[in-house]
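Note sheet for the following structure.
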Amino acid sequence: MITEKELHGEMISLRQIEMEDCTSLYVEWLNDPEVNRYLETRWSEQTMETIEEFVRDQRENNHSILFAIITNEDGRHIGNIKIGPINRHHNHADISYFIGDKKMWNKSVATEAIRLVTRFCFMDLKLHRVEAGAYTAAVGSWKALERNGFTREAVFREQVLSDNKYMDIYRYGILETEYKTI
C-alpha cells in the first residue's frame, strides 16, 4: 500500500521506505546479532538482494505499509516500523518495528515511532484496533507499547526459540476508543 504521507515527531519522522534506503548499513543491522535478536529475519543471512526484495514487496503490498524511521536532526535512516498485515474486513492491523542504529537505543525512538504510527492507524487508516507482539525479554519494546497506551492482552507461553531456549511472547492491543482518551 503506497502512502505519500510523512509523519513528523519531535526526534524522528516516518516516511514510506524507498529503494534508496536499501544500503549496506541496513544489511549490517539485520545481520547484527544484537539488533536482530528479536527479529524473525535472524534465521537467515540478509543480503542487499534479500532486503531489496523485501522493500519492493512491501511497496507493492496492498495490506501493509513499511515506514523508514528518519532522524529529524540529520535525516538518517535508523530503523523501520511496519503496519501490517492490515485487515480491512475487521479494521485492525499489526505493527512491528526495529531500531537498527544502536546509538539511538534507549532514547525513546521506538516510543515516538509507535505513537506516530498508531495515530496514523486510527486517524488516517480509520482502523478500530492496532496490535503488536514483543518477546518477554525485549523489555524496551514492550515498555514502548505500554507508554503508548497498549494493553498487554495475552502471554503466548514458550512460543519462540531464542538463545537456545523457548521464550514467551506478549501480545498487546489498543482500540480506537482507548487511543482517543490518551
Could you go through the stretch 88-96 and let me know if any residue there is closer than 25 Å to Gln46 by Cα, in contact (Cβ under 8 Å) with a residue 60 or more places away in the chain and either touching a strand residue (DSSP E or B) at 6+ places or on another chain (Cβ under 6 Å) or not in a strand (DSSP E or B) (or both).
no
From the list Ala132, Ala138, Ala110, pick out the single residue that is open to solvent by less than 30 Å² (accessible area, probe 1.4 Å), modelled with pLDDT under 95 and touching a helix residue (DSSP H, G or I) at 6+ places or on another chain (Cβ under 6 Å).
Ala138
Please verify whether Tyr172 is touching a residue at least 24 places away in the same chain (Cβ under 8 Å), assigned to a strand (DSSP E or B) and in contact with a Leu (Cβ under 6 Å, 6 or more places away or on another chain), treating the condition exactly as stated.
yes
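One line per residue, one yes/no per condition, for (1) of a type in the set (Val, Ile, Thr); (2) in contact (Cβ under 8 Å) with a residue 12 or more places away in the chain; (3) farther than 27 Å from Thr136 by Cβ:
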{"site": "His8", "(1), (2), (3)": "no, yes, yes"}
{"site": "Ile17", "(1), (2), (3)": "yes, yes, yes"}
{"site": "Leu25", "(1), (2), (3)": "no, yes, yes"}
{"site": "Trp29", "(1), (2), (3)": "no, yes, no"}
{"site": "Glu45", "(1), (2), (3)": "no, yes, no"}
{"site": "Phe54", "(1), (2), (3)": "no, no, no"}
{"site": "His63", "(1), (2), (3)": "no, yes, yes"}
{"site": "Phe67", "(1), (2), (3)": "no, yes, no"}
{"site": "Lys82", "(1), (2), (3)": "no, yes, no"}
In the stretch 26-57, which residues are assigned to a helix (DSSP H, G or I), of a type in the set (A, V, I, L, M) and either within 22 Å of Leu116 (Cβ to Cβ) or open to solvent by 90 Å² or more (accessible area, probe 1.4 Å) (or both)?
Val55
Of everything in the stretch 152-182, what is among the hydroxyl-bearing types (Ser, Thr, Tyr) and either under 13 Å from Thr118 (Cβ atoms) or out of contact with any strand residue (DSSP E or B) (no Cβ under 7 Å at 6 or more places or on another chain) (or both)? Give them in sequence order.
Tyr172, Thr177, Tyr179, Thr181
Going through the stretch 141-157 one residue at a time, which ones are crowded, with 17+ Cβ neighbours inside 10 Å and either among the aliphatic types (A, V, I, L, M) or assigned to a strand (DSSP E or B) (or both)?
Ala144, Leu145
Return the residues of the stretch 158-182 that are open to solvent by 100 Å² or more (accessible area, probe 1.4 Å) and charged (D, E, K, R); say none if nothing qualifies.
Glu158, Lys165, Lys180
When residues of the stretch 98-107 are limited to those that are surrounded by fewer than 20 Cβ atoms within 10 Å (Cβ to Cβ) and touching a residue at least 24 places away in the same chain (Cβ under 8 Å), the one farthest from Arg37 (Cα to Cα):
Lys107
Per the filter on the stretch 104-140, residues part of a strand (DSSP E or B), of a type in the set (D, E, K, R) and within 19 Å of Asn80 (Cα to Cα) are Glu131
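The values are calculated or read from the model by the stated rules, or taken from the named source; none is laboratory data. Everything quoted here is computed from the prediction, not taken from an experiment. Neighbour counts are summed over all protein chains in view; Cβ atoms, including those assigned to glycine, are modelled from backbone coordinates with ideal geometry. These accessible areas exclude ligands, DNA and RNA; they are computed on the full protein's heavy atoms, side chains included. Shrake-Rupley method; radii C 1.70, N 1.55, O 1.52, S 1.80 Å.
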